[in-house]
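Presented below is the structure to which this report refers.
The values are calculated or read from the model by the stated rules, or taken from the named source; none is laboratory data. No experiment lies behind these values; they were computed from the predicted model shown. When we count neighbours, we look across all protein chains shown, and the Cβ atoms used for this are built from the backbone with ideal geometry, even at glycine. Accessible surface areas use protein heavy atoms only, side chains included; no ligands, DNA or RNA. Shrake-Rupley method; radii C 1.70, N 1.55, O 1.52, S 1.80 Å.
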Amino acid sequence: NAGVTQTPKFRVLKTGQSMTLLCAQDMNHEYMYWYRQDPGMGLRLIHYSVGEGTTAKGEVPDGYNVSRLKKQNFLLGLESAAPSQTSVYFCASSYIAERYEQYFGPGTRLTVT
Amino acid sequence: SQQGEEDPQALSIQEGENATMNCSYKTSINNLQWYRQNSGRGLVHLILIRSNEREKHSGRLRVTLDTSKKSSSLLITASRAADTASYFCATAGDSGNTPLVFGKGTRLSVIA
């Protein structure tokens, strides 16, 4: 099993450009999450999904959109990137419910210039 | 808003010593979890302790939970250089199915 994978690993965008980050998991997990991690800020939840076709807002959803068309994939979109979105983005998944053990991907380092 | 707050922010110890990290939180919880993050990697789940448990062990890890003080501690015994990482606590609220809330982490350096 690959676990949770993220594509791409690194990306540099110019302000105003758009991009999509892909998260895939092969553990048949119902729950998936997108976080951002900034120095000194820990992990902050952007959006999450409790099942195929569902999404919900987390702590810092502004400027991001998500889609969960297939159970194994969770996409994070930036429609018009801003320098404030420079961060490391982590995807995670969990089996039972939001409150239980999460499995994390390796992260995507995004720089917006 | 972040629920868990780890203390200290950074900790540096010699190999073989014990490392203790603390986590305080504000509201009632269903469980509290500890995760490790090696530099440049994703988080890895270490241990989960439920609100009705007071202590839990896993290998060299010992976690305690004091719900009256709303605090938890993670003890790593006989530390090794490979334990160098950031450690995060995450809390799960006890009302409804809400996502985990992570603290800002403790950065542990174990010097060989």
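For chain A, carbon and sulfur atoms together expose 52% of the accessible surface, with a 1.4 angstrom probe and every protein chain in place.
Comparing B:93, B:16, B:42 in a Gaussian network model of chain B (Cα springs below 10 Å), the most mobile by mean-square fluctuation is B:42. These residues, B:94, A:62, B:83, B:66, go from largest to smallest accessible area, 1.4 Å probe, as A:62, B:94, B:66, B:83. Would you work out if the protein assembly as shown is rounded, prolate or oblate? Take a ≥ b ≥ c from the square roots of the eigenvalues of the alpha-carbon gyration tensor; rounded if a/c is under 1.5, else prolate when a/b is larger than b/c, oblate otherwise. Verdict is prolate for the protein assembly as shown.
Among the listed pairs A:57/B:104; B:26/B:104; A:57/B:56, those with a Cα-Cα distance over 24 Å are A:57/B:56. Using a 1.4 angstrom probe on protein heavy atoms only, the contact between A and B buries about 1800 square angstrom of accessible area, both sides summed. For residue B:45, the accessible surface of its heavy atoms amounts to roughly 40 Å² (probe 1.4 Å, protein chains only, rounded to the nearest 10).
Once all protein chains are placed together, residue A:9 keeps about 130 Å² accessible to a 1.4 angstrom probe. Nonpolar atom fraction for segment B:1-76, defined as the carbon and sulfur part of the 1.4 Å probe accessible area, stands at 41 percent. The length gained by stretching the chain between residue A:71 and residue A:113 to full extension, at 0.36 nm per residue less their Cα-Cα distance, is 11.8 nm. Modelled spin labels at residue B:111 and residue A:86, positioned 7 Å past Cα toward Cβ, are 3.2 nm from each other. Let me know the shape class of segment B:4-45, please: from the alpha-carbon gyration tensor, a ≥ b ≥ c as square roots of the eigenvalues, rounded when a/c is under 1.5, otherwise prolate if a/b is greater than b/c, or oblate. Because a/c hits 1.5 or more and a/b fails to exceed b/c, segment B:4-45 counts as oblate. Solvent-accessible surface, computed for protein heavy atoms with a probe of 1.4 Å, shrinks by 50 Å² or more for the following residues of segment B:38-84 when the other protein chains are added to the isolated chain: B:43. Probing with 1.4 Å while keeping every protein chain in the model, the per residue accessible area of chain B equals 47 Å². Note that segment A:1-112 carries a Kirkwood radius of 13.8 Å, evaluated over its alpha carbons pair by pair.
With every protein chain present, what accessible area does residue A:46 have (1.4 Å probe, heavy atoms only), rounded to the nearest 10 Å²? Rounded to the nearest 10, the figure is 0 Å². Using a Gaussian network model of chain A in which every pair of alpha carbons under 10 angstrom is joined by a spring, one finds that among A:77, A:58, A:42 the greatest mean-square fluctuation is at A:42.
Size of the dipole of the protein assembly as shown about the Cα centre, Lys and Arg at +1 and Asp and Glu at -1 on the beta carbon, nothing else charged, in debye to 20?
On the way: 24 positive and 19 negative charges, 59 e Å.
For the protein assembly as shown, the charge dipole is close to 280 debye.
In µm²/s, what is D for chain B at 37 °C and 0.692 mPa s, where D = kT/(6 pi eta Rh) by Stokes-Einstein and Rh is the Kirkwood radius from Cα pairs?
In µm²/s, the coefficient is 235.
Extending 7 Å from Cα along the Cβ direction at residue B:15 and again at residue A:10 yields two label points whose distance is 3.0 nm. Remark: accessible surface ordering of B:62, A:36, A:44, B:80 (largest first) is B:80, B:62, A:44, A:36, probe radius 1.4 Å.
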